[in-house]
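The values are calculated or read from the model by the stated rules, or taken from the named source; none is laboratory data. A quick note: this is a predicted structure, and the numbers were derived from the prediction, not measured. With ideal geometry, Cβ positions are generated from the backbone for all residues, glycine too; neighbour counts draw on all protein chains shown.
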Amino acid sequence: MSQAAWRNISIGVSGFIVLGLGALVIANPGKIFFSWTFFFEVLIGGLLAGTLYSLVALGFVLIFKASGVFNFAQGAMTLFAALSLVRLIEITNSILLSMALTVVIMMALAYVIERLVLRPLVNQDVIIMFMATIGMTFLIDGFGQLVWGSDVYPLNLGIPQDPFEVQGVLLNQFDLVAGAVAALLVAVLAVFFQKTRIGRALRAVADDNQAALSVGIPLRHIWFIVWTVSGLVALVAGIMWGTKSGVQFSLALIALKALPVLILGGLTSIPGAIIGGLIVGAGEKLAEVFIGPLFGGAIENWFAYVLALLFLLFRPQGLFGEKIIERV
Amino acid sequence: MLYRDSGQFKSTYEDDRAIFPIAQDRYAMLALLAVAFVAVPILGNDYWLRSIFTPFLIYSLAAIGLNILTGYAGQVSLGAGGFMAVGAFSVYNLLVRVPEINFILALVFGGLVAAAVGALFGIPSLRIKGLYLMVATLAAQFFIEWSFTKFPWFTNYAPSGVISATPIDMFGWKVEESWERYVLALAVVTAMALVAKNLVRGSIGRSWMAIRDMDVAAEIIGIQPMQTKLLAFAVSSFYCGVAGALWAYLYLGTVEPVAFGINTSFQILFMIIIGGLGSILGSFLGAGFIILLPIFINIAGTGLGLNLSTAFISHMEFIIFGSLIILFLIVEPHGLARLWQIAKEKLRLWPFPY
Amino acid sequence: MTVRRFGLGVVAATVAATGLWAASAAAQEQFIPLLTYRSGPFAPSGIPSANGFADYLALLNERDGGINGIKVTWEECETQYNNDRGVECYERLKNKGPTGASLVNPYSTGITYAILERAQRDKIPILSLGYGRTDAADGRVWPYAFPALATYWSNASAIVNFIAQKEGGHDKLKGKKIGHLFLESAYGREPIPVLQALAQRHGFELHTFPVSPPGNEQKAVWLQIGRQVRPDWLLMWGWGVMNATAVKEAAAVGYPRNKFIGVWWSGDETTVIPAGDAAKGYIATTFGSPGALYPVHRDIGRYVYDKGKGHGPRERIGEVLYNNAMVAAVVSTEAIRTAQGKYGVKSLRGEEVRWGLENLTLNAARINALGLEGVLPEIKLSCLDHEGGGWVRLQQWDGKQWKLISDWIAPDRALVRGQIEASAAKYAAEKQITPRDCSKEG
């Protein structure tokens, strides 16, 4: 089928869904509570929640960009980083020292992964690399629990968490901090990628690793650096999510929240991870609050994926992903 | 020495196209089936029949289903658990409303419903590919799970929100004992594996593989991508649906929708990757690896007699299991089935490799 | 298919090994399998539960030399809170010991469902204290399942009674808004029919707020609760990571914690400690009073931990889930003791222990004698009623520990029992089971 036909079908399908939901909302006036203040409250809450998804998605994107590996172990790394941090704080009683030690641990992990998993499997299929990262997930989960324990550990780094109101809209300090952290992280990564020597090398590898190799960029170092950076992003994500619900094994499951963000934003784009997070966050919260009651609620989980799916119908490579060009 | 095909001449096309062209393979297969159908039910105790063989067989069936879709037609999917749920809940709803229906018919019905749902959720595959499709199929998984939890009609308004397998009655045979359940599962799996094997060897399978290898090129040689892809989704979901129904009726008995959750979908995907994409044998090997290996590691850990703590053994189980996955991928990225094939090739030439 | 050939070899080896094992264990002892989850996403709840159960069994052996002199033996099997693994564990352990498993505590509703029919065939009773299939409380349809002490339906009803107490009578409930926040799953939806019936009877408005599993993200639902509906009271059926997140989010939208009541699985240390100060004032029900100040805890310290035979860290004795599991161990072993009264003091089979469960009476005197005064309510099980009283107590987190804030509260037994029997009858019809006639049971 031609591109134009697809476009029409996609517009038709999306239009149908939007109109259908609109009709449902109008037909059930009693079930939905609506006011503009509340709408903005949900919208802002959703956007801020979305930044937390973005934090997790960023780790995936970094690794996929540089090595073409869809890293299933990102969730496990998040858990491992947060667990290391919180247990080290218990031992050393110093947040800064523990942070530093955790960074060292994540570097060591990246080194081991590069040495024992990536190097032997270089140039394998995407799906094989994906499976290898699943093996890593089991390994890291088991190792993390073995060393640090499987209980729940409270994490309190002094991030303020009190609610306050602006113009009748309820905000939470923690969410704002999370948003600021995400913004800062993206800024730092952008500078790192655009302005530094290593960043340029990383971009070269991402574009074409054969060519990068041939101009003398050491691929192995680059992978080590990327996995380290991704480990640090995991640490930041782990801190934010761990503050929300305590550091426990469930942190490994937040990867599921990042998947729709990833495909919506595109697997290879850092701004995509951020914008995708915002869209998914806002979209699913608005849907849950304003459409959910019609279905009895808890539609968030699948709604995020359906939302991503709708975007993919228009752009199969995600909003900011690299265009897929196929030649026969 | 024993495994040699010299002297076995193929004089007809039928011979050449046989599933097992080598005589020893045929005998081995027959012997294996004889053992599986006769010796295992007689010798096996409850533990082996109920908690090892039966789940292994059912998972193998689901893995065959996903392998058809992912291994042969190249559409990576994480919806297998959801389609299993569709099968299980359809069979339950049919049997609870029309109890006199034969169980085999109900199974077919469950498979067909799953196939329809699968084809529906396969539509985005016409546009989306690879990892993007894999993640997008999670929409099906979550939506199906949510529906079965949400709408009480599916559970026949059970206040606990679970379905309980109704008694199985086939031509007057009440399937109750563990060996009966095992034999029924084995019969279904054997028949369906045979069908799958022939399906993927025939023209349909070839068109699937053409789509997998390069869909644009396949379209040019006259394969309709829409029909082919949707057919793959439907057939795959049929297998998963039947597997789900068997899971509910022969294995768990009482099922909540979570039993077919996202973990199940992931596990089945792991099975086919480890076992070998595009291989029926690989589906069985992969199911064995993913389902049985952790149990064996755990039993071995408990049986060492070192008085290790349960938690320690469990964590070691994670570590060893994860390491083995990586190790096997490094040794042979194309799965256990490929490893088996290489072993066979070597054996044919042994002891004179040249 | 060749993997099975390998499998068969392993079968032979293991069968031989099991045979040897069974032969060596001929002494008089009572075997109890322990299905635990010390790793995986629910381990924070699984660890104290497993420790509480095993510590109490160890106490019986160390202090009393077992149950009337019959040593209690047990073996843990790790389920990772996974249904398949739970089934495997059950099958692995059910024939151990001289007479097989006495009874099984699956510690997961999913696993309870999965082994319900198997256990019935194997004649091994399932004791599921505070979880499992609610309508199994009708012993006529489920002779081998015991959701003892309190089911979710009793709990929902008891919470409403508690709210009525606080509001000053059931008539004051009229027009009040009560919310039900739950994990979107069979478990979370379970109390809804009872709550609906109660809403109709007492005239309160019921609002339901489902949370998508696993429940680590609840922003949308809390905006509805805190900013839109603002229920007067809020119930929670949560599990795992959902619990602490919910308490945190309640603080984030300023919902009063002292109007927020969790089921017992949302009322342990893993719920409140990660939430920090946000959890102060939060309420939950319990069927095993919190704290380590009871005589039984002293004994566990003296006879078990002092000898280095404890299963967890000493300072965690008396956590909520520890005590709940200890209560399950008490009910299990007292049932064995009861059965010994009928069948004699020896290793008993599962079906004999089942008789013990069905004729179990723990009155105040017996509970005191066990050093458990105030920890658990009086309980009397029968062929008809596998639940007992359905009593619960409410406890409140003061920032450091759980404090009891109510006496034992009874549910609306007539209503709950009616729903249980209706649901059980429906199940019996579906499964073509003829319910037992309890008047004929000894």
*asked:* Could you tell me how many of the residues in the stretch C:89-105 are in contact with a strand residue (DSSP E or B) (Cβ under 8 Å, 6 or more places away or on another chain) and within 12 Å of chain B (Cβ to nearest Cβ)?
replied: 8
*Which members of the stretch B:317-339 meet the condition of being crowded, with 19+ Cβ neighbours inside 10 Å, of a type in the set (A, V, I, L, M, F, W, C) and over 19 Å from A:Ile113 (Cβ atoms)?*
B:Leu336, B:Ala337
*If B:Thr137 satisfies every condition in (1) in contact with a helix residue (DSSP H, G or I) (Cβ under 6 Å, 6 or more places away or on another chain); (2) more than 14 Å from chain C (Cβ to nearest Cβ) but one, which is the exception?*
(1)
*asked:* It is to be established whether one or more residues within the stretch C:213-233 are among the hydrophobic types (A, V, I, L, M, F, W, C), crowded, with 24+ Cβ neighbours inside 10 Å and within 22 Å of the chain's Cα centre (by Cα).
replied: no
_Residue satisfying all of: in the stretch C:409-433; away from chain B (no Cβ under 14 Å) and aliphatic (A, V, I, L, M); surrounded by the fewest Cβ atoms within 10 Å (Cβ to Cβ) among these_ = C:Ala414
*Would the stretch C:408-419 turn up any residue that is closer than 30 Å to B:Pro99 by Cα and either of a type in the set (D, E, K, R) or touching a strand residue (DSSP E or B) at 6+ places or on another chain (Cβ under 9 Å) (or both)?*
yes
*Assess whether C:Leu60 counts as being touching a helix residue (DSSP H, G or I) at 6+ places or on another chain (Cβ under 9 Å), part of a loop (DSSP other than H, G, I, E, B) and either crowded, with 24+ Cβ neighbours inside 10 Å or assigned by TED's automatic domain parsing to the domain that holds C:Ala369 (or both).*
no
*State all residues of the stretch C:327-354 that are touching a residue at least 40 places away in the same chain (Cβ under 8 Å) and hydrophobic (A, V, I, L, M, F, W, C); if no residue qualifies, say none.*
C:Val327, C:Ala328, C:Ala329, C:Val330, C:Val331, C:Ala335, C:Ile336, C:Val345, C:Leu348, C:Val353
*asked:* Name the single residue that is farthest from the chain's Cα centre (by Cα) among those in the stretch A:143-169 being facing another protein chain (nearest Cβ under 7 Å) and in a helix (DSSP H, G or I).
replied: A:Leu146
*Restricting attention to the stretch A:3-19, does a residue exist that is hydroxyl-bearing (Ser, Thr, Tyr), in a helix (DSSP H, G or I), surrounded by 13 or more Cβ atoms within 10 Å (Cβ to Cβ) and modelled with pLDDT under 80?*
yes
_Among (1) over 17 Å from the mean Cα position of the chain (by Cα); (2) in contact (Cβ under 8 Å) with a residue 24 or more places away in the chain; (3) farther than 24 Å from C:Ser157 by Cα, the one test that C:Ala365 misses_ = (2)
*Those residues of the stretch B:295-353 which are more than 21 Å from C:Thr79 (Cα to Cα) and either among the acidic types (Asp, Glu) or touching a Cys at 6+ places or on another chain (Cβ under 6 Å) (or both), in sequence order*: B:Glu332, B:Glu345
*Scan the stretch B:161-188 for residues that are within 11 Å of chain C (Cβ to nearest Cβ) and without any contact (Cβ under 8 Å) to a residue 40 or more places away in the chain and jot them down.*
B:Pro167, B:Lys174, B:Glu176, B:Glu177
*When only residues in the stretch A:310-323 that are within 19 Å of A:Phe60 (Cα to Cα) and of a type in the set (A, V, I, L, M) count, which is farthest from the chain's Cα centre (by Cα)?*
A:Leu312
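The rows are residues; the columns are (1) within 14 Å of chain B (Cβ to nearest Cβ); (2) under 21 Å from B:Glu145 (Cα atoms); (3) of a type in the set (S, T, N, Q).
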{"position": "C:Asp171", "(1), (2), (3)": "no, no, no"}
{"position": "C:Gly175", "(1), (2), (3)": "no, no, no"}
{"position": "C:Ile178", "(1), (2), (3)": "no, no, no"}
{"position": "C:Glu184", "(1), (2), (3)": "yes, yes, no"}
{"position": "C:Gly188", "(1), (2), (3)": "yes, yes, no"}
{"position": "C:Leu195", "(1), (2), (3)": "yes, no, no"}
{"position": "C:Gly203", "(1), (2), (3)": "no, no, no"}
{"position": "C:Pro210", "(1), (2), (3)": "yes, yes, no"}
{"position": "C:Pro214", "(1), (2), (3)": "yes, yes, no"}
*asked:* Step by step: first the residues of the stretch B:63-83, then only those that are hydrophobic (A, V, I, L, M, F, W, C) and away from chain C (no Cβ under 13 Å), then the one that is nearest to B:Ile163 (Cα to Cα). Which residue is that?
replied: B:Phe83
*With the condition kept exactly as written, say whether any residue in the stretch C:73-80 is acidic (Asp, Glu), outside any helix (DSSP H, G or I) and within 14 Å of chain A (Cβ to nearest Cβ).*
yes
*Could you tell me whether the stretch C:119-131 includes any residue that is of a type in the set (A, V, I, L, M, F, W, C) and within 30 Å of C:Arg302 (Cβ to Cβ)?*
yes
*Would you be able to say whether some residue in the stretch C:396-407 is assigned to a helix (DSSP H, G or I) and within 22 Å of C:Val327 (Cβ to Cβ)?*
no
*Looking at C:Asn68, C:Asn82, which is the one that is in the same structural domain as C:Val330 (by TED's automatic domain parsing), surrounded by fewer than 24 Cβ atoms within 10 Å (Cβ to Cβ) and over 25 Å from B:Leu49 (Cβ atoms)?*
C:Asn68
*What helices (runs of 4 or more DSSP H), lying completely within the stretch B:199-300, carry at least 3 residues that are away from chain C (no Cβ under 11 Å) and without any contact (Cβ under 8 Å) to a residue 40 or more places away in the chain?*
B:203-213, B:215-220
_Single unsatisfied condition, C:Ser406 versus (1) of a type in the set (Ser, Thr, Tyr); (2) closer than 21 Å to C:Leu103 by Cβ; (3) surrounded by 15 or more Cβ atoms within 10 Å (Cβ to Cβ)_ = (2)
*Verdict on B:Ala191 being without any contact (Cβ under 8 Å) to a residue 60 or more places away in the chain, within 27 Å of B:Pro21 (Cα to Cα) and within 14 Å of chain C (Cβ to nearest Cβ)*: yes
*Some residue of the stretch C:313-329 being in the same structural domain as C:Ser157 (by TED's automatic domain parsing) and within 18 Å of the chain's Cα centre (by Cα)*: no
*Given (1) over 21 Å from C:Leu149 (Cα atoms); (2) more than 14 Å from chain B (Cβ to nearest Cβ); (3) part of a helix (DSSP H, G or I), where does C:Arg436 come up short, assuming only one miss?*
(3)
_Just to check your reading of the model, which residue among B:Arg97, B:Arg127 is among the basic types (Lys, Arg), within 14 Å of chain A (Cβ to nearest Cβ) and farther than 22 Å from A:Met131 by Cα?_
B:Arg127
*Would you point out the residue of the stretch C:192-211, among those that are touching a Phe, Trp or Tyr at 6+ places or on another chain (Cβ under 8 Å) and crowded, with 24+ Cβ neighbours inside 10 Å, that is nearest to A:Ala258 (Cα to Cα)?*
C:Val211
*Tally time: how many residues in the stretch A:270-297 are over 21 Å from the mean Cα position of the chain (by Cα) and either of a type in the set (A, V, I, L, M) or under 19 Å from A:Ser10 (Cα atoms) (or both)?*
3
